[in-house]
1. Within the range 393-408, does at least one residue satisfy the condition of being assigned to a strand (DSSP E or B) and crowded, with 17+ Cβ neighbours inside 10 Å?
2. Here are 268, 230, 274, 304: which of them is farther than 24 Å from residue 345 by Cα, hydroxyl-bearing (Ser, Thr, Tyr) and at pLDDT below 95?
3. If you check residue 50 against the conditions, is it within 22 Å of residue 330 (Cβ to Cβ), among the acidic types (Asp, Glu) and either modelled with pLDDT of 95 or more or open to solvent by less than 70 Å² (accessible area, probe 1.4 Å) (or both)?
4. I need a count of the residues in the range 235-273 that are open to solvent by 50 Å² or more (accessible area, probe 1.4 Å) and under 20 Å from the mean Cα position of the chain (by Cα).
5. Residues that are assigned to a loop (DSSP other than H, G, I, E, B), within 19 Å of residue 340 (Cα to Cα) and in contact with a Lys or Arg (Cβ under 8 Å, 6 or more places away or on another chain): does the range 197-206 have at least one?
6. Please work out if residue 208 is touching a helix residue (DSSP H, G or I) at 6+ places or on another chain (Cβ under 9 Å) and within 21 Å of residue 329 (Cα to Cα).
7. Looking at residue 87 and the list (1) out of contact with any Phe, Trp or Tyr (no Cβ under 8 Å at 6 or more places or on another chain); (2) of a type outside the set (Phe, Trp, Tyr); (3) farther than 24 Å from residue 155 by Cα, which single condition is not satisfied?
8. Just a yes or no: is a residue in the range 169-179 over 19 Å from residue 91 (Cα atoms), β-branched (Val, Ile, Thr), in a loop (DSSP other than H, G, I, E, B) and in contact with a strand residue (DSSP E or B) (Cβ under 6 Å, 6 or more places away or on another chain)?
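The values are calculated or read from the model by the stated rules, or taken from the named source; none is laboratory data. Quantities reported herein were computed from a predicted structural model and do not represent experimental measurements. Positions of Cβ are generated from backbone atoms using ideal geometry, with glycine treated the same way; all protein chains shown enter the neighbour counts. Surface areas here come from the heavy atoms of the whole protein model, side chains and all, with no ligands, DNA or RNA. Shrake-Rupley method; radii C 1.70, N 1.55, O 1.52, S 1.80 Å.
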Amino acid sequence: MVVLQKFTSFHQFNKHKLSSIQFFTCSVKPRKHHLSFKISCDYNKKLVLEFDPKIPIEEAITPPSSWYTDSCFYTHELNQVFFKGWQAVGYTEQIKEPRQYFTGRLGNVEYVVCRDDGGKIHAFHNVCRHHASLLASGSGKSSCFVCPYHGWTYGLDGVLLKATRITGIKNFKVNEMGLVPMRVAVWGPFILLNFENGVLPEQESDFDFVGNEWLGSSSQILADGGVDSSLSFLCRREYTIECNWKVFCDNYLDGGYHVPYAHKGLASGLTLDSYSTTIFEKVSIQRCETGSAEKDQDFDRLGSKALYAFAYPNFMINRYGPWMDTNLVLPQGPRKCLVIFDYFLDSSVKGEESFIAESLEDSETVQMEDIKLCEAVQRGLESPAYCSGRYAPQVEKAMHHFHSLLYENLSD
């Protein structure tokens, strides 16, 4: 066994060495070769062009059902939508202390996010450089990452610390065998990753820079609206839903259209006539005042108003009363998605167990109702009777905006 001394991490190399490291950087995009790739590109382009974002919403038709059912289109979507720009992947309390880490997967990309002993946050492809085994799983606390396959060991800064039983190996450059880094940043309580290849520019750690790039001009509005780090994490719930990820997003973005029909309990606490939608660059914000029809006036889960923000392409932030919950929609295939709900609560009510239990129960009821809707829509999208639909112009502006952003990415 050869024990290797700790070397300087990737981002400290000079430009000449960085260029050599890029040779080892894993691409998240498909290889562009052979006739099959051209056929695939032409096919996807044809599907994309079946939606026209320039047509006014009053006259527009929705994207075709193939956007929600086609496996080739789904792969195109991962590359063009999810592997570009910032993506929310977690929250800062998951790595509040040094040596804490959590893992995740988006498409075929496995990642690990950690905080080193100096407090700096890092993100890497969660893949050993030896024979591609996954390094870490779930979440936890560790001083290093040890591959469970052959024991190769990496520091929390990604540097290869130990490679076992490599006596006699030639042309082995330790400083090129560290974990492949990913671009990571923090905005408010959220941790973001950028899946595009490249070294992390220093300015991307700046709060305002990331906020503007991810949220655009809505960044300050959300911060002023209580979307910040003042709330404490409470719990997480996960739902695997038999529908395309966009079906869940569409349901969220219909301006409360479905609420009085599908969520009668929730509707009783909202003043639906006050529902409004504001469109920003890559964000839409829906607002609604709450009504006085709560059955128990001592139980005020919603507060005086509710804010529902959608950050393209797959992240929802819901702020109401003392609560904030987030919904991260992860595609799992053409007709399946995983939705992760994280709940945050104001410290003033964190000890009120009955209030918390009743609030979570109400939330669970809404989720079950939405799952039933979304899975029914997916089955309808797969029917030969349906191709495209229409928009309700007064309420479905956010949905149309979402589809237009998709078109922009997919036709790039």
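1. There is no residue in the range 393-408 that is assigned to a strand (DSSP E or B) and crowded, with 17+ Cβ neighbours inside 10 Å.
2. None of the other options fit; the residue is 274.
3. no
4. Total meeting the criteria: 5.
5. Within the range 197-206, not a single residue is assigned to a loop (DSSP other than H, G, I, E, B), within 19 Å of residue 340 (Cα to Cα) and in contact with a Lys or Arg (Cβ under 8 Å, 6 or more places away or on another chain).
6. no
7. (1)
8. Checking the range 169-179: not a single residue is over 19 Å from residue 91 (Cα atoms), β-branched (Val, Ile, Thr), in a loop (DSSP other than H, G, I, E, B) and in contact with a strand residue (DSSP E or B) (Cβ under 6 Å, 6 or more places away or on another chain).
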